[in-house]
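Take a look at the structure set out below.
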Amino acid sequence: LEMVIVALNEKAKNDQKIHVPYRNSMMTSVLRDSLGGNCVTKMIANISPEINQTDESISTCSFAQRVALVKNSAHINEEMEPELIIRRLKSELARLRE
């Protein structure tokens, strides 16, 4: 998961074609749309106040910070019936001809 997040951050920084290793694990493959696709994603990081868990809490916070830098561009997926599309295009064509 961390490799995918790092690759998505690099892709966002450089605007280049960078390989994102979604297929490296089943979890990243399942979360593909949520991580870098067409979804609005929330990151919830749970940390512990215990002194012996400090290292783990710091690691969790740094991972959450990297996840927060990933930007998705979510948009509404529309599946329209062909008749509706044709009707809309015909009305637009009539409007343009006027």
Name the residues in the range 73-98 that are in contact (Cβ under 8 Å) with a residue 12 or more places away in the chain and open to solvent by less than 80 Å² (accessible area, probe 1.4 Å), would you?
ALA74
Mind telling me which of the residues VAL70, VAL6, VAL20 ends up being surrounded by 13 or more Cβ atoms within 10 Å (Cβ to Cβ), assigned to a helix (DSSP H, G or I) and of a type in the set (A, V, I, L, M, F, W, C)?
VAL6
Residue count, the range 38-58 (criterion: within 22 Å of ALA12 (Cβ to Cβ) and in a helix (DSSP H, G or I)):
0
Check SER25, SER29, SER59 and return the single one that is modelled with pLDDT of 90 or more and of a type outside the set (Phe, Trp, Tyr).
SER59
Mind checking which residues of the range 33-56 are open to solvent by 50 Å² or more (accessible area, probe 1.4 Å) and at pLDDT below 80?
ASP33, VAL40, THR41
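The values are calculated or read from the model by the stated rules, or taken from the named source; none is laboratory data. All values derive from a computational prediction rather than experimental measurement. Here Cβ is always computed from backbone atoms with ideal geometry, including for glycine, and neighbour counts include all displayed protein chains. The accessibility values were calculated without ligands, DNA or RNA, using every heavy atom of the protein model including side chains. Shrake-Rupley method; radii C 1.70, N 1.55, O 1.52, S 1.80 Å.
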